[in-house]
1. Quick one: with all protein chains in place, what share of the accessible area of region 87-150 is carbon or sulfur, to the nearest percent (1.4 Å probe)?
2. Where a ≥ b ≥ c are the square roots of the eigenvalues of the C-alpha gyration tensor, would you call region 117-184 rounded, which needs a/c under 1.5, or, failing that, prolate if a/b is larger than b/c, or oblate?
3. Beta carbons within 10 angstrom, averaged per residue: use that to sort the peptides 141-152, 209-220, highest first.
4. To the nearest 10 square angstrom, how much accessible area does V28 have with a 1.4 angstrom probe?
5. Quick one: Cα centre-to-centre distance for region 198-224 and region 20-47, in angstrom?
6. Enter the accessible area of R102 (Å², nearest 10), with the probe set to 1.4 Å and all protein chains included.
7. Roughly how compact is region 98-214, stated as its Cα Rg over 2.2 N^0.38 Å to two decimals?
8. Can I get the semi-axes of region 178-237's equivalent ellipsoid? Compute them from the C-alpha gyration tensor as square roots of 5 times the eigenvalues, in angstrom, largest first.
Amino acid sequence: MTSPPSDSQPEQEGLLLGADGGFAQAWVAGKGVTPVPAGTHLDVAVIRRIEAGCRAVGAQHILDAPPAAAAHGTSAAVPRQPTETGLAGTAPPAVLYTPDLRGAVLFPEPGYTLIAGTEAFMSGAVAEGIDAARARFGRYARAMKNRWPHLQGIATAYPPAHRAWSHPSDVTPGTATSRLMSLLSTFAQGTCTAADFADGWWEARRAAHSQGERTSGDLADLLDRVFMVLEDYTPDPALRDQAT
């Protein structure tokens, strides 16, 4: 019987990276992955993502290992605190990962890091959503094409799953965002109570975020306005009366 992963089992490291230095297919299957901008060393923005990802999965520390060690399963990993100042000076190649392998950050070369992990880890490390992060990286890659032309290939390998919808008519049917539009329509027609609208809205909004759906322009403004109204909405009539 296989024992649960623990810090004392260095053989688990071999599951993280493949022989080519990238994330092993068996490990990354079912997890989210996105490139994020980086410089010649890990910067504060990436360190904050690592810290948030660790906090989201309850990891007390992160393991730091040379990629070759992680690929071949040697016990060269060093426990580091996610907030450790020295992490910001880490140069590539490097890989950082939680002891239970629920999240990892691969820094293979200057210009970018790859963040990968479970839904919980990614919700902290990539709070804006995977699609939004991938779209941002695509813009960054284009802006940096003269300095780091290899970034274009990375952006192509990790495109957003959804384009950003700017008008209600653009929204793909069956998506969580389309449910938001449907809720708005039924509420405006008076066929949906305020309480039902609020409950359905928050559920669909969470689903849209987890699925990486993106909006822009007028549609994004509309959804933001609804969000701000619902932030102040109290479903309990008694509490609403007290608030007024």
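1. Accessible surface attributable to carbon and sulfur in region 87-150 totals 53 percent.
2. Cα axes put region 117-184 in the oblate bin.
3. Final packing ranking: 209-220, 141-152.
4. We get 20 Å² for V28.
5. Region 198-224 and region 20-47 have Cα centres separated by 26 Å.
6. So the heavy atoms of R102 present about 80 Å² to solvent.
7. Rounded to two decimals, the normalised Rg is 1.33.
8. 19, 13, 12
The values are calculated or read from the model by the stated rules, or taken from the named source; none is laboratory data. Worth saying up front: this structure is predicted, and the values here are computed from it rather than measured. With ideal geometry, Cβ positions are generated from the backbone for all residues, glycine too; neighbour counts draw on all protein chains shown. Protein only, heavy atoms only, side chains kept; ligands, DNA and RNA dropped before computing areas. Shrake-Rupley method; radii C 1.70, N 1.55, O 1.52, S 1.80 Å.
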